[in-house]
Amino acid sequence: MKKTIITAAITGAVHIPSMSEYLPVTPQQIIDEAVAAYEAGAAVVHIHARKEENGEPTGDPKIMKSIVEEIRKRCKVVIGITTGGAIGMSSEERLAAVPSCKAELASCNAGSVNFCFSSIADKIKEPKYDWEIPFVKNTYNLPFVNTFQGIEDYIKVMGENGTKPEFEVYEVGMINNIAYFMKKGLLKGPVYIQFVLGIMGGLPATVDNLLFLYNTAKKQLGDNFVWSCAAAGKDQFDIVTTAVILGGNARVGMEDNLYIEKGKLAKSNADGVKKIKEIIELLGKEIATSDEAREILFAK
Ligand code: KMH
Ligand code: ZN
């Protein structure tokens, strides 16, 4: 039986520092949290960079490189960097870290979608930093742009740098987009897909929607894909557990959900990793080490 890969998505570019004192927002906190997530059982970490001075998401390749190099020095975790960046970033900003980091994985968003989290603004009475409220409010009127030309460019740049794309899928049609690039011959071997449910603008986090994505991927791609599931918000653990039962891999972490249970903030990404690890083991499945994850993810 295939082992289950746990990915920890450490900080993302949705949650803002004012939402949780535990959200890692400096480069050093992101590094420490990634290493702790690995030690708790994560085989893969998904990394966004933020600015030292105020925790604002940034595409600065120097910051991303310093984070990646330090994590590499400290542990053997598989590192996946974002190319989703933050809503409103240019394609150049989003891609800049791929050549400088040459990470094993990078996210590759599989189509355009609205990606709205403006309602966060209603919950924050006293923001810590000036950038936070305009940043979240802007997502009400900004699309998350991933055109066919853009996706093709991302696939090519990743290919030139030895980085495997992790396709982020928010809507069912995006599976056809991936199938198109496979037919075009731009992708070799099984593709790696992350189903991301629960984003406002994409498919809500329900079991029906997860099954819809999974069954569509099987129809479109046959056996030629490896998959994992992320779910934003309060349903994170329910939906990710369902994915594991279906034979998928699990993504947890503070990018997707700041809470470890109802009303209780997670104190670290390792908390979420430990929780899903316990659930997976209770289901009678084994957790993949980072080297085992490499065998699964990079099979030719
Ligand atoms: N921050 C979102 C706009 C990714 O890492 O590629 C997109 C995102 C997905 O987080
Ligand atoms: Zn991300």
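Annotations for the structure displayed:
- Within the range 251-266, restricting attention to residues that are in contact with a Ser or Thr (Cβ under 9 Å, 6 or more places away or on another chain) and of a type in the set (D, E, K, R), the residue that is nearest to T11 (Cα to Cα) is E255.
- Inter-residue pairs, beta-carbon under 7 Å, first touching a residue at least 12 places away in the same chain (Cβ under 8 Å) and among the hydroxyl-bearing types (S, T, Y) and in the range 9-32, second part of a helix (DSSP H, G or I) and within 16 Å of ligand 2 (Cβ to nearest atom), 6+ apart: T11/I30
- Listed by position, the strands (runs of 3 or more DSSP E) inside the range 223-300 whose residues that are more than 27 Å from T26 (Cβ to Cβ) number at least 1 are 225-231, 249-252.
- Selection within the range 1-43 - within 16 Å of ligand 2 (Cβ to nearest atom) and small (G, A, S): A8, A9, G12, A13, A34, A37, A42
- Residue in the range 226-238 that is over 17 Å from the mean Cα position of the chain (by Cα) and within 29 Å of A270 (Cβ to Cβ) present: yes
- Inspection of the range 190-198 finds a residue satisfying the criterion of being modelled with pLDDT of 95 or more, more than 16 Å from ligand 2 (Cβ to nearest atom) and either under 20 Å from I5 (Cβ atoms) or open to solvent by 10 Å² or more (accessible area, probe 1.4 Å) (or both).
To keep it simple, each residue is scored yes or no on (1) open to solvent by 20 Å² or more (accessible area, probe 1.4 Å); (2) closer than 25 Å to G198 by Cβ.
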position	(1), (2)
A34	no, yes
V68	no, no
E92	yes, no
G111	no, yes
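- The single condition among (1) within 15 Å of ligand 1 (Cβ to nearest atom); (2) open to solvent by 20 Å² or more (accessible area, probe 1.4 Å); (3) touching a Ser or Thr at 6+ places or on another chain (Cβ under 8 Å); (4) more than 19 Å from F195 (Cα to Cα) that A96 does not satisfy is (3).
- Of K218, K234, all but one fail to be open to solvent by 20 Å² or more (accessible area, probe 1.4 Å) and closer than 22 Å to I296 by Cβ; the exception is K218.
- Breaking point among (1) under 15 Å from V44 (Cβ atoms); (2) open to solvent by less than 60 Å² (accessible area, probe 1.4 Å), for D291: (2)
- Some residue of the range 75-90 being free of Cβ contacts under 8 Å to residues at least 60 places away in the same chain, open to solvent by 40 Å² or more (accessible area, probe 1.4 Å), within 16 Å of ligand 2 (Cβ to nearest atom) and not acidic (D, E): yes
- Which listed residue, of T11, T4, is surrounded by 24 or more Cβ atoms within 10 Å (Cβ to Cβ) and farther than 21 Å from R72 by Cβ: T4
- Restricted to the range 24-110, the set of strands (runs of 3 or more DSSP E) holding at least 3 residues that are within 21 Å of D153 (Cβ to Cβ) comprises 105-109.
- Remark: A106 matches the filter, which requires a residue to be in contact (Cβ under 8 Å) with a residue 60 or more places away in the chain and closer than 30 Å to Y180 by Cβ.
- Those residues of the range 99-128 which are within 15 Å of ligand 1 (Cβ to nearest atom) and of a type in the set (A, V, I, L, M), in sequence order: A103, L105, A106, A110, V113, I120
- In the range 239-255, of all residues being in contact (Cβ under 8 Å) with a residue 60 or more places away in the chain, hydrophobic (A, V, I, L, M, F, W, C) and surrounded by 24 or more Cβ atoms within 10 Å (Cβ to Cβ), the one that is nearest to E21 (Cα to Cα) corresponds to M254.
The values are calculated or read from the model by the stated rules, or taken from the named source; none is laboratory data. Please read all numbers here as calculations on a predicted model, not as lab measurements. All Cβ positions, glycine included, derive from the backbone under ideal geometry; neighbour counts span all protein chains shown. Note: areas computed on protein heavy atoms with side chains; ligands, DNA, RNA excluded. Shrake-Rupley method; radii C 1.70, N 1.55, O 1.52, S 1.80 Å.
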